[in-house]
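Enquirer: To start, I am sharing the structure in question, which I have written as structure tokens.
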Amino acid sequence: MLRPLPLLTTLVLAGPVAFGLLGTVLPAFGYLVPGADAPMQAALGWRGLPRALGVAILSGVLSTLGALSVAALILAGWHGTRAFRWLERALSPLLAVPHAAAALGLAFLIAPSGWIARIPAVALGWERAPDLLILNDPWGLSLTAGLIAKELPFLLLMMLAALPQANAGPRLRVARSLGQGRVAGWFKAVFPGVYAQVRLPVLVVLVYGMTNVDVAVILGPSTPSTLAVQVTRWMMDPDLSSRAVAAAGGVILFAATLAVLALWFAGERLAARLGRRWVVSGGGAPERVARGAGLALAAGSAAMVLAGLAALAVWSVAARWSFPDLAPEALTLRSWARFGPSMVDVALDTVALAGAATLASLVLVVGCLEAEHRFGLTLGQRALWLLYLPLLVPQVAFLPGLQLLPLSLGFGPSWGLVLAGHVVFVLPYVFLSLSGPFRAWDIRLARVASGLGASRNRTLWTLRLPMLAGPLLTAAAIGIAVSVGQYLPTLLLGGGRIATLVTEAVALSSGGDRRAIGVWGLGQTGAALLPFALALIVPAILFRNRRGLRHG
């Protein structure tokens with residue numbers, strides 16, 4: 001029964017991507033959509049294409065380089081210190097904050113009438129907000145800053161997990177014994193090994209930076225928008241022929257993504273060559289400047305996201321709050337009373353969708369890992385690429401196909417289609433979070449159970465899974481957080497008829513009701529963070545007399 005599960009999981013990961021790409025490419029060249037007249041020419045002829053594509057590439061590359069550089073600098077300069085432990089505790093919870101909620105909070109901070117601008121306004125006596133295009137700037141700089149702030153915790157935690165495999169401690173000691181400073185020694189001796197371990201997550205960040213929709217709608221330019229946002233607008237157009245143009249736009253963005261990935265690989269080779277010259281030359285690095293910059297940028301990034309969430313919270317209970325006051329005149333629960341009841345209904349639907357997607361992913365992942373254990377299967381590099389496939393292919397390149405191809409077969413948008421789309425994106429994260437603890441479980445316990453007459457299935461259900469309750473709950477929390485943040489799959493596969501917290505929050509971002517945005521943004525953040533709190537509390541209660549089992 002377990003043996004087919006790895007193949008089934010492969011089909012779940014690769015099938016929708018291949019199916020969706022086919023369903024995108026065919027309409028892009030005039031097939032499947034009746035009445036579509038030369039959609040590729042229409043997409044290529046869109047006047048905003050060069051700017052939209054340029055901003056997408058610029059924000060994707062700069063945000064990836066920024067998040068990777070800051071994560072490397074903070075590890076090189078501060079790993080193992082008290083300041084690093086404080087920063088790690090501040091950044092770790094931010095990983096669970098949905099992209100849209102973090103972007104909404106950042107928008108509340110950096111807008112011309114936001115919290116940051118109110119500080120000099122109070123000091124200098126400004127009565128009006130400055131007429132500056134900070135938010136939604138034409139070059140996507142605020143979009144890039146938001147992506148850096150949100151992706152930094154992800155890359156930092158991935159690099160932390162990779163340090164043991166990179167043999168970081170002994171390598172750094174050898175470099176220091178040869179006279180290298182802390183930062184220079186870390187970059188020369190440790191970073192190459194760490195980067196080899198986190199290369200795929202870095203590529204995921206690059207692809208997401210180029211092709212995200214929810215963050216770009218909130219922080220990115222609007223005239224023209226990024227190409228991914230424009231593709232989504234074409235997809236939601238009532239004119240069916242526009243969907244073929246959207247498919248053509250998705251193909252163009254996919255081709256651009258492949259080109260940028262090829263350039264990134266070339267950049268890796270160039271950086272490796274320059275790095276070898278640096279190592280041979282014996283040159284050092286500006287240690288104090290590098291350490292100071294790393295700490296300041298990482299702390300500033302964490303502070304921006306946390307302050308943004310605080311701004312959401314204050315706006316959700318604000319009464320009258322005019323510019324340039326730093327705080328509202330009074331606090332009230334009127335906004336919660338107004339939007340709370342409708343938000344609860346949407347929150348329940350969101351949690352039901354996230355719970356179903358996470359449960360399906362957990363069943364597949366546990367089945368695959370148990371099959372790996374029983375039948376001696378090993379996960380090679382190709383399988384790892386397959387695991388990351390839905391995250392490496394832009395969503396706007398295959399989700400339009402997943403919408404159009406079922407439509408051509410007579411299947412319209414539905415809750416089940418949205419659920420299937422969520423499973424495609426939740427499953428990789430659940431696998432990555434659970435595979436380590438599952439494989440690290442002491443196999444001698446299974447041998448003892450077998451010696452006492454227990455079957456393999458009984459050992460799994462009554463011994464292994466209960467002992468891994470902590471990692472299972474953590475994997476479930478990660479899966480729910482990923483599902484809660486899925487904007488584009490919900491919007492496209494649900495045809496705009498399935499409402500979740502993220503779709504409602506992003507829809508409100510174009511309006512001017514900050515109190516409503518505060519309520520919905522906090523609701524989305526709470527839905528993502530609550531499972532993590534339960535993942536910490538439940539094992540502590542279950543294993544209150546068994547300290548070694550609290551963390552699996």
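Enquirer: Hey, what do the phi angles of segment 141-156 turn into as Karplus ³J(HN,Hα) couplings, whole Hz, using 6.51/-1.76/1.60 and θ = phi - 60°, x for Gly and Pro?
Expert: Result, ordered by residue: 5, 5, 4, 5, 4, x, 5, 4, 4, 7, 7, 4, x, 4, 5, 5 Hz.
Enquirer: Using a Förster distance of 51 Å, how high is the FRET efficiency between ALA454 and ARG199, based on the Cβ-Cβ distance and rounded to 0.05?
Expert: Numbers: r = 41 Å, r/R0 = 0.81.
FRET efficiency, ALA454 to ARG199: 0.80.
Enquirer: Here is a further query. Taking a ≥ b ≥ c as the square roots of the eigenvalues of the Cα gyration tensor of segment 221-294, is the shape rounded (a/c under 1.5), prolate (a/b larger than b/c) or oblate?
Expert: Taking the square roots of the gyration eigenvalues as a ≥ b ≥ c, segment 221-294 is oblate.
Enquirer: Still on this structure, I have one more. Between ALA296 and LEU22, what's the calculated FRET efficiency when r is the beta-carbon distance and R0 is 56 Å? Round to 0.05.
Expert: Details: r = 48 Å, r/R0 = 0.85.
E(calc), rounded to 0.05, equals 0.70.
Enquirer: Which FRET efficiency value, to the nearest 0.05, is calculated for ILE119 and ARG334 with the Förster distance at 35 angstrom and r the Cβ-Cβ distance?
Expert: Given R0 = 35 Å and the Cβ-Cβ separation, E is 0.80.
Enquirer: Turning to a different aspect of this structure: Divide the volume of the convex hull of the Cα atoms of segment 1-119 by its number of residues and quote the answer in cubic angstrom per residue.
Expert: 246
Enquirer: Multiplying the sequence separation of VAL344 and ALA14 by 0.36 nm and subtracting their Cα-Cα distance, what value in nm do you get?
Expert: 115.3 nm
Enquirer: What number, in percent, do you get for the relative contact order of the chain if the mean sequence gap of Cα pairs under 8 Å and at least 6 apart is divided by its residue count?
Expert: That works out to 25 percent.
Enquirer: Please list 3J(HN,Hα) in residue order for segment 354-360, calculated via the Karplus relation 6.51 cos²θ - 1.76 cosθ + 1.60 where θ = phi - 60°; whole Hz, with x for glycine and proline.
Expert: Using θ = phi - 60°, the values come out as 5, x, 5, 5, 5, 4, 4 Hz.
Enquirer: Moving on to the next point. Which one, [x] 1.18; [y] 1.07; [z] 1.01, gives Cα Rg over 2.2 N^0.38 Å as derived from the coordinates shown?
Expert: [z]
Enquirer: If every alpha-carbon in segment 324-371 counts as one equal scatterer, what log10 I(q)/I(0) does Debye give at q = 0.21, 0.23, 0.27, 0.30 1/Å?
Expert: Each listed q maps to, in turn, -0.80, -0.84, -0.93, -0.99.
Enquirer: How much length, in nm to one decimal, is gained on full extension between ARG85 and LEU384, taken as 0.36 nm per residue of separation minus their Cα-Cα distance?
Expert: Extra length from ARG85 to LEU384 when fully extended: 104.6 nm.
Enquirer: Got a number for carbon plus sulfur as a percent of the chain's accessible area, 1.4 Å probe?
Expert: Carbon and sulfur together cover 66 percent of it.
Enquirer: Name the residues of segment 16-48 whose amide N is less than 18 Å from a point 7 angstrom out from the Cα of LEU377 along the C-beta direction?
Expert: So the set is 16.
Enquirer: Provide the per-residue ³J(HN,Hα) series for segment 500-505, in order, calculated from phi with Karplus coefficients 6.51, -1.76, 1.60 and θ = phi - 60°, each as a whole number of Hz, with x at glycine and proline positions.
Expert: In residue order, the calculated couplings are 10, 4, 6, 5, 5, 5 Hz.
Enquirer: Under the rule of at least 5 residues apart or a separate chain, name every residue whose amide H is placed under 5 Å from the amide H of ALA318.
Expert: Close amide H contacts, sequence-distant or interchain: THR332.
Enquirer: Going 7 Å from the Cα of ASP513 toward and past its Cβ, which residues in segment 324-349 have a backbone nitrogen under 18 Å from where you end up?
Expert: 332-347
Enquirer: Could you give the distance between the Cα centres of segment 136-169 and segment 50-64, to the whole Å?
Expert: Each part reduced to its Cα centre gives a spacing of 17 Å.
Enquirer: For the residue pair ALA313 and ARG276, what label-to-label distance in nm results when each label sits 7 Å from Cα along the Cα-to-beta-carbon direction?
Expert: 5.2
The values are calculated or read from the model by the stated rules, or taken from the named source; none is laboratory data. Just so it is clear, the structure is predicted and the values come from calculations on it, not from any experiment. Here Cβ is always computed from backbone atoms with ideal geometry, including for glycine, and neighbour counts include all displayed protein chains. Just so you know, the surface numbers come from the protein's heavy atoms only, side chains and all, with ligands and any DNA or RNA stripped out. Shrake-Rupley method; radii C 1.70, N 1.55, O 1.52, S 1.80 Å.
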